[in-house]
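*Asks:* Below you'll find the structure I mean.
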Amino acid sequence: MTTIRTQVAIIGGGPSGLLLSQLLNRAGIDTVVLERATRDHVLQRIRAGVLESGTVELLREAGVAARLDVEGIAHDGFLLSDDDHLIRIDIHALTGRQVTVYGQTEVTRDLYEAQEAQGTTILHEVSDVVIGDLDQDRSVVDFTHQGLRKRLDCAYVAGCDGFHGVSRRTIPEDRRHAFERVYPFGWLGILAQMPPIADELVYANSQHGFALASMRNDNLVRCYVQVPQADRVEDWSDERFWAEFSRRIPSQLARTLAPHPSVEKSIAPLRSFVSEPLRWGNLFLVGDSAHIVPPTGAKGLNLAASDVFYLHQALIAALQGRGMAGIEGYSERALARIWKAMRFSWQMTTMLHRFEGEDAFAARMRRATLDHLAQSETARRDLAENYVGLPY
């Protein structure tokens, strides 16, 4: 068996794994990244597009924000609606900060290029990963690559391999605790090459269900409608999508809608999920391997970035001989922020979606919540503070 020695083994070559590697490398710490898919497959994943201010600052710290600072679209607010009742949350006026529209695919591309420039070892199409010796001074990660069985000898292992990865399952089942809420609907999303429906994101609730008007740049939109869990992409033609989307957004926006053909279409289920703890010996869970949030409120990638923030500081301190406090406290620190983001995503999901079998009282509560936001600066500030990102 070929053995590779490194300081930190990172399982998962998505944005969280690459960002952690980039930050560690810049501090002089050696990493090896293992990814089960090809690079092209990773870059084809259509994911989030709204970055919290803290995520943008972390990308700048990592030295990968040059293109983001030129092409990213800064947003000072967003729109909420209930049928034709439309209000704006001015996050800049309420918090002094902004969010930035810049697709996760572009973040990942920038990270790949930076990692290549640094000469980081990134192995793709890795399979049969087994993590061991987590209670020893040195741990191991065994895996198959290019038909050969190989081993990483490392001080620490970062599990950035997503919900279905091996990292979380490596923690003994009787030592981990899962908390989950599965929502009885999904989001059907499309990409289309056309100007945005509005200057800012629109989160629309209506008697027909939820819709979101988002964007990736000035000529690429990402739009969604709430659909039953059992629906398939094949059930939805472009014509059906745009007809349903237009009757869910406020009429003043629907009147100016000029639909274009989709270039990508997919359905994402909605769930809230947290697995505790985030540390098991020398193994640390990061991002989707530890938690999943509904896309309502754009917390998925941003929450992974906050995990990376805490973990990179902890690993640098430990490996540079400056103490183990960060290592010992990683799980608790990260979970404190994770649960606050869970609460916010759950709140947004409940406020904006219609649930099968609900009564008229639920619809009245959604309208009352929106009315309260329209009238109360305190309520708007709370929403804005969570949307733009809580401090690390």
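*Asks:* Using r as the Cβ-Cβ distance of A325 and A268, and R0 as 51 Å, what FRET efficiency do you calculate, to the nearest 0.05? Provide the component values of the computation, followed by the final result.
*Replies:* Numbers: r = 38 Å, r/R0 = 0.74.
Working from the Cβ atoms, E equals 0.85.
*Asks:* Can you compute 3J(HN,Hα) from phi for each residue in region 163-177, using the Karplus curve 6.51 cos²θ - 1.76 cosθ + 1.60 with θ = phi - 60°, rounded to whole Hz and x for Gly and Pro?
*Replies:* 4, 9, x, 7, 4, 4, 5, 6, 5, x, 4, 7, 10, 10, 10
*Asks:* So what is the 222 nm mean residue ellipticity for the chain from helices alone, if each DSSP H run of at least 4 adds -39500 (n - 2.57) and you divide by all residues, rounding to the nearest 500 deg cm²/dmol? Don't jump to the answer; show the numbers that get you there.
*Replies:* Details: 13 runs with 149 residues, N = 392.
Result for the chain: -11500 deg cm²/dmol, rounded to the nearest 500.
*Asks:* Stretch D142-A379 to full length: gain in nm at 0.36 nm per residue minus the Cα-Cα span? Provide the component values of the computation, followed by the final result.
*Replies:* Numbers: separation 237, 0.36 × 237 = 85.32 nm, distance 5.06 nm.
Gain in length upon complete extension: 80.3 nm.
*Asks:* So if we plug the beta-carbon distance of I4 and A230 into 1/(1 + (r/R0)^6) with R0 = 45 Å, what FRET efficiency do we get, rounded to 0.05?
*Replies:* Once the sixth-power term is evaluated, E becomes 0.45.
*Asks:* Put a dot 7 Å past each Cα toward the Cβ at V182 and R247; how far apart are the dots in nm?
*Replies:* 2.9
*Asks:* Check cross-link reach from K340 to the lysines: straight Cα distance under 28 Å, and skip same-chain residues fewer than eight apart.
*Replies:* Here the lysines satisfying the reach criterion relative to K340 are K299.
*Asks:* Measuring with a 1.4 Å probe in the full set of protein chains, what accessible area per residue, in whole Å², belongs to the chain? Numbers along the way, then the final one.
*Replies:* Numbers: 16760 Å² over 392 residues.
On a per-residue basis, 43 Å².
*Asks:* Please list, in order along region 59-69, the HN-Hα scalar couplings obtained from phi with the Karplus expression 6.51 cos²θ - 1.76 cosθ + 1.60 (θ = phi - 60°), rounded to whole Hz, x for Gly and Pro.
*Replies:* 3J(HN,Hα) across region 59-69, in whole Hz: 5, 5, 4, 7, x, 10, 10, 4, 6, 4, 5.
*Asks:* In terms of the Cα gyration tensor, with a ≥ b ≥ c the square roots of its eigenvalues, is region 126-193 rounded because a/c is under 1.5, prolate because a/b exceeds b/c, or oblate?
*Replies:* Details: a/c = 3.09, a/b = 1.55, b/c = 1.99.
Oblate shape, in that a/c is at least 1.5 and b/c is the bigger or equal ratio.
*Asks:* With a bin width of 5 angstrom, please list the P(r) values of region 1-90 as percents of all Cα-Cα pairs, from the 0 bin to the one holding the largest distance.
*Replies:* 3, 10, 15, 17, 17, 13, 8, 7, 5, 2, 2, 1, 0
*Asks:* I would also like to ask the following. List the pair-distance distribution P(r) of region 19-153, using every Cα-Cα distance, as the percent of pairs falling in each 5 Å bin from 0 up to the bin containing the longest distance, rounded to whole percents.
*Replies:* 2, 8, 14, 15, 16, 14, 10, 8, 6, 4, 2, 1, 0
*Asks:* Remind me, what semi-axes does the chain give for its equivalent ellipsoid, largest first in whole Å, using sqrt of 5 times each Cα gyration tensor eigenvalue?
*Replies:* On the way: eigenvalues 284, 93, 83 Å².
Listed largest to smallest, the semi-axes of the chain are 38, 22, 20 Å.
*Asks:* Pop out the ³J(HN,Hα) list for region 352-368 in order, Karplus 6.51 cos²θ - 1.76 cosθ + 1.60 with θ = phi - 60°, rounded to Hz; leave Gly and Pro as x.
*Replies:* So the Karplus estimates, Gly and Pro as x, are 10, 10, 9, 9, 4, x, 6, 9, 5, 4, 4, 5, 5, 5, 5, 5, 5 Hz.
*Asks:* Which residue, R333, R354, R232, tops the fluctuation ranking in a GNM of the chain built on C-alpha contacts under 10 Å?
*Replies:* Highest fluctuation among the options: R232.
*Asks:* As an exercise, use a Förster radius of 51 Å and the Cβ-Cβ distance of M365 and R175 to find the FRET efficiency, rounded to the nearest 0.05.
*Replies:* On the way: r = 39 Å, r/R0 = 0.77.
Given R0 = 51 Å and the Cβ-Cβ separation, E is 0.85.
*Asks:* List the pair-distance distribution P(r) of region 244-375, using every Cα-Cα distance, as the percent of pairs falling in each 5 Å bin from 0 up to the bin containing the longest distance, rounded to whole percents.
*Replies:* 2, 8, 14, 14, 14, 13, 11, 8, 6, 5, 3, 1, 0
*Asks:* Measuring from the lowest to the highest alpha carbon on each principal axis, how far does region 302-392 reach, largest first, in angstroms?
*Replies:* Rounded to whole Å, the extents work out to 60, 31, 16 Å.
*Asks:* Let me ask something else. State the extension gain, in nm to one decimal, for the chain segment bounded by E61 and R26, taking 0.36 nm per residue of separation less the distance between their alpha-carbons. Walk me through the numbers on the way to the answer.
*Replies:* On the way: separation 35, 0.36 × 35 = 12.60 nm, distance 0.95 nm.
Stretched out fully, the E61 to R26 stretch lengthens by 11.7 nm.
*Asks:* Based on the alpha-carbon gyration tensor of region 122-237 and its eigenvalue square roots a ≥ b ≥ c, which shape applies: rounded if a/c is under 1.5, prolate if not and a/b is larger than b/c, or oblate?
*Replies:* On the way: a/c = 2.84, a/b = 2.10, b/c = 1.35.
Prolate.
The values are calculated or read from the model by the stated rules, or taken from the named source; none is laboratory data. All values reported here derive from a predicted model rather than from experimental measurement. A quick note on method: Cβ atoms are made from the backbone with ideal geometry, for glycine too, and the neighbour counts reach across all protein chains shown. Just the protein is used for accessible areas: all its heavy atoms, side chains included, with ligands, DNA and RNA removed. Shrake-Rupley method; radii C 1.70, N 1.55, O 1.52, S 1.80 Å.
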